[in-house]
Amino acid sequence: MSDAEPTAAEANVDTLRKVLELESLSFTSASRESDYFLGQNQYKPDGRVYGGQVVAQSVVAAAATLPDDRLIHSLHGYFLRAGDVSEPIEFGVERLRDGRSFSARRVHAYQKDVPILSLIASFQVEQEGLEHAETMPTGLPGPQDCPELRDILAGQDTPQVTEWLNKRPFEIRPVEASLYLSSTDDRQREQQHVWFRASSEFGDDPVLNAAALAYASDFNLLEPVLRRQGLSWTSPGLRVASLDHAMWWHRRVRVDEWMLYVQESPAAQGGRGLGYGRIFAQTGELLATVAQEGMVRVKAPQ
């Protein structure tokens, strides 16, 4: 066994693993309608809990109440309040239904006795059936031909970069010009593409891989809204907050293998923008589909 210090990439992935290790809370009651778990937070310099983290932890909490042969295939959730990174999160799982093939769970994530996230997730025994899927876009550069986001942001000495973006447990390689430094002129671009994978080996546990993909699915899914509007993440007065999150897993995933995130924004109105994404394996299989609506506003200068 090596005593070498873990690399930064390994340390980032280890942080994700620790965040996904929930503590089961014990109760004196012999029977109860809900199961409870406690989770810790990944640090974020703005003091708010990353939404993808809470969704991922909810996946782990719900799966802990099910046999191993039932894997998550969908979830639909609402972000109700901003979470506080200094406070642990309590997850309550309600067992809604267990059928012969499908199980449903409701998960509420609480801080200070109020819910910050509410979602319903569905699980299914793996089985064969009808199949078809969208095909992965062709003609794109591969991940090794695209710059890593950390390299794009090199020299940016801000807490958002040094304490958050650089410590994400995923390697992220945008195909198009990044919107972290400046806006672009490609407002008519209907899609953007991002290669990503876990920064180091993650293992083959199907629950943890599904949860880690949920974690990563929240990365920049509202960015196509900004691209369509000619904005960047540094645009003055920009305010962005996720409102909901929906996700469908189409097959098992390995998050330490390259995946392509194809993202677009079908609509924006009323201070809200919709992001829609499909996640493909590098070999072309459609792994997951994601949708998220967010508050997107540009506050006029005072």
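A few remarks follow.
- Lysine pair number, Cα distance threshold 24 Å (strictly under), the chain, separation 8 or more or different chains: 6
- Result for the chain in a Gaussian network model with C-alpha springs under 10 Å: among A246, A133, A212, the largest mean-square fluctuation is at A133.
- Residue-count net charge about A82 - beta-carbon cut-off 13 Å; Lys, Arg +1, Asp, Glu -1: +2
- Between A133 and E5, the simple spin-label model (points 7 angstrom out along Cα→Cβ) gives 4.1 nm.
- Result for the chain in a Gaussian network model with C-alpha springs under 10 Å: among P169, P224, P236, the largest mean-square fluctuation is at P236.
- Spin-label model distance (nm) - D204 vs Q144, 7 Å beyond Cα toward Cβ: 2.4 nm
- Neighbours of G275 by Cβ distance under 11 Å: Lys/Arg scored +1, Asp/Glu scored -1, total -2.
- Overall, the anisotropy analysis places the stretch 81-200 in the oblate class: the square-rooted eigenvalues a ≥ b ≥ c of its C-alpha gyration tensor yield a/c not less than 1.5, with a/b not exceeding b/c.
- Net charge of the neighbourhood of V125, taken over other residues with C-beta under 13 Å away and scored Lys/Arg +1, Asp/Glu -1, is -3.
- Three-way shape label, the chain, alpha-carbon gyration tensor, a/c 1.5: rounded
- Prolate/oblate/rounded label for the stretch 9-147 (Cα gyration tensor, a/c 1.5): oblate
- Each label point was placed 7 Å from the Cα along the Cα-to-Cβ direction; for R17 and I120 their separation is 3.6 nm.
- Ligands, DNA and RNA left out, the 1.4 Å accessible surface of the chain is 47% carbon and sulfur atoms.
- Just checking the listed ones, T65, T15, T234: in the Gaussian network model of the chain with Cα springs under 10 Å, the one fluctuating most is T234.
- Solvent-accessible area per residue for the chain (1.4 angstrom probe, square angstrom): 51 Å²
- The stretch 143-221: trypsin sites (Lys or Arg not before Pro) in DSSP coil with no more than 15 other Cβ atoms inside 10 Å: R187, R189
The values are calculated or read from the model by the stated rules, or taken from the named source; none is laboratory data. Computed from a predicted model, the values in this text were never measured in an experiment. For neighbour counting, all protein chains shown are included, and Cβ atoms are generated from backbone atoms with ideal geometry for every residue, glycine included. Side chains are part of the model used for accessible areas, which takes the heavy atoms of the whole protein and leaves out ligands, DNA and RNA. Shrake-Rupley method; radii C 1.70, N 1.55, O 1.52, S 1.80 Å.
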